[in-house]
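Colleague: Right, I'll just put the structure down here and ask away after.
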């Protein structure tokens, strides 16, 4: 049965400010339970040399892709100093926006061996990729085409000239 607890996206301090501490607490408990499920899956499916690629399935069935990603990304954020995580997995985790919560984020850090956990993160990323939800065919144009449109784009065709000033820069003419 799927745990359908709302994944609260803010820190405990922000939850307090928003008067949503009960939502945060429930989500935090589910994050810890998901961490425990990941640790159990690794413990039960690692034979000392290999991690069974299907070990991710029960975790995803119970906690879903979103919470599992949240817990894994938080773990890699908290352990970013550890060189046993692969570069690709570290980059993936960096794209996740986990709010800083110095008193609570460590509560749901997966405590399995980092090298084995790295394999679990890779299995998670492959499971997401296998869903075929997003691929290169969904991307808009190439960079050269995007740059051309940004320079001339729609505004240029209706007679409006783009500003010569870029944000954060001053022009020599003083017009910005």
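Colleague: Within segment 29-43, is even one residue out of contact with any helix residue (DSSP H, G or I) (no Cβ under 8 Å at 6 or more places or on another chain), farther than 14 Å from residue 111 by Cβ and at pLDDT 95 or above? Give the steps one after another, and end with the answer.
Modeller: Keep residues of segment 29-43 that are out of contact with any helix residue (DSSP H, G or I) (no Cβ under 8 Å at 6 or more places or on another chain), which gives 29, 36, 39-40, 43.
From what's left, farther than 14 Å from residue 111 by Cβ: 29.
Okay, now just the ones that are also at pLDDT 95 or above, so 29.
Yes, because at least one residue in segment 29-43 is out of contact with any helix residue (DSSP H, G or I) (no Cβ under 8 Å at 6 or more places or on another chain), farther than 14 Å from residue 111 by Cβ and at pLDDT 95 or above.
Colleague: So residue 71 fits all but one of (1) under 14 Å from residue 117 (Cβ atoms); (2) out of contact with any helix residue (DSSP H, G or I) (no Cβ under 7 Å at 6 or more places or on another chain); what number is the exception?
Modeller: Residue 71 satisfies all of (1) under 14 Å from residue 117 (Cβ atoms); (2) out of contact with any helix residue (DSSP H, G or I) (no Cβ under 7 Å at 6 or more places or on another chain) except (2).
Colleague: Please find, among 42, 56, the residue that is touching a strand residue (DSSP E or B) at 6+ places or on another chain (Cβ under 8 Å) and crowded, with 18+ Cβ neighbours inside 10 Å. Spell out how you get there, then give the answer.
Modeller: Numbers: 56 fails: touching a strand residue (DSSP E or B) at 6+ places or on another chain (Cβ under 8 Å).
Result of the check over 42, 56: 42.
Colleague: Determine whether residue 119 is at pLDDT 95 or above and either within 25 Å of residue 89 (Cα to Cα) or in contact with a helix residue (DSSP H, G or I) (Cβ under 6 Å, 6 or more places away or on another chain) (or both).
Modeller: Working: at pLDDT 95 or above: yes; either within 25 Å of residue 89 (Cα to Cα) or in contact with a helix residue (DSSP H, G or I) (Cβ under 6 Å, 6 or more places away or on another chain) (or both): yes.
Yes.
Colleague: Next question. List the number of the failed condition for residue 26; all other conditions in (1) in a loop (DSSP other than H, G, I, E, B); (2) more than 13 Å from residue 70 (Cβ to Cβ) hold.
Modeller: Checking residue 26 against (1) in a loop (DSSP other than H, G, I, E, B); (2) more than 13 Å from residue 70 (Cβ to Cβ), the one that fails is (1).
Quick grid of which residues meet (1) closer than 23 Å to residue 130 by Cα; (2) in a loop (DSSP other than H, G, I, E, B); (3) touching a strand residue (DSSP E or B) at 6+ places or on another chain (Cβ under 6 Å):
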site: 14; (1), (2), (3): no, no, no
site: 37; (1), (2), (3): yes, no, no
site: 66; (1), (2), (3): yes, no, no
site: 88; (1), (2), (3): yes, no, no
site: 93; (1), (2), (3): yes, no, no
site: 102; (1), (2), (3): no, yes, no
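Colleague: Looking at the structure I just gave you, is residue 49 in contact (Cβ under 8 Å) with a residue 12 or more places away in the chain and surrounded by fewer than 16 Cβ atoms within 10 Å (Cβ to Cβ)?
Modeller: Numbers: in contact (Cβ under 8 Å) with a residue 12 or more places away in the chain: no; surrounded by fewer than 16 Cβ atoms within 10 Å (Cβ to Cβ): yes.
Against the criterion (in contact (Cβ under 8 Å) with a residue 12 or more places away in the chain and surrounded by fewer than 16 Cβ atoms within 10 Å (Cβ to Cβ)), residue 49 does not qualify.
Colleague: Oh, and also: Does segment 104-116 hold any residues that are touching a helix residue (DSSP H, G or I) at 6+ places or on another chain (Cβ under 7 Å) and assigned to a helix (DSSP H, G or I), and which are they?
Modeller: From segment 104-116, those touching a helix residue (DSSP H, G or I) at 6+ places or on another chain (Cβ under 7 Å) are 104-112, 116; that's our starting set.
If the condition is that a residue be touching a helix residue (DSSP H, G or I) at 6+ places or on another chain (Cβ under 7 Å) and assigned to a helix (DSSP H, G or I), then 105, 106, 107, 108, 116 are the ones that fit.
The values are calculated or read from the model by the stated rules, or taken from the named source; none is laboratory data. Since we're looking at a predicted model, the values are computed, not measured. Note that we place each Cβ from the backbone using ideal geometry, even for glycine, and neighbour counts take in every protein chain shown.
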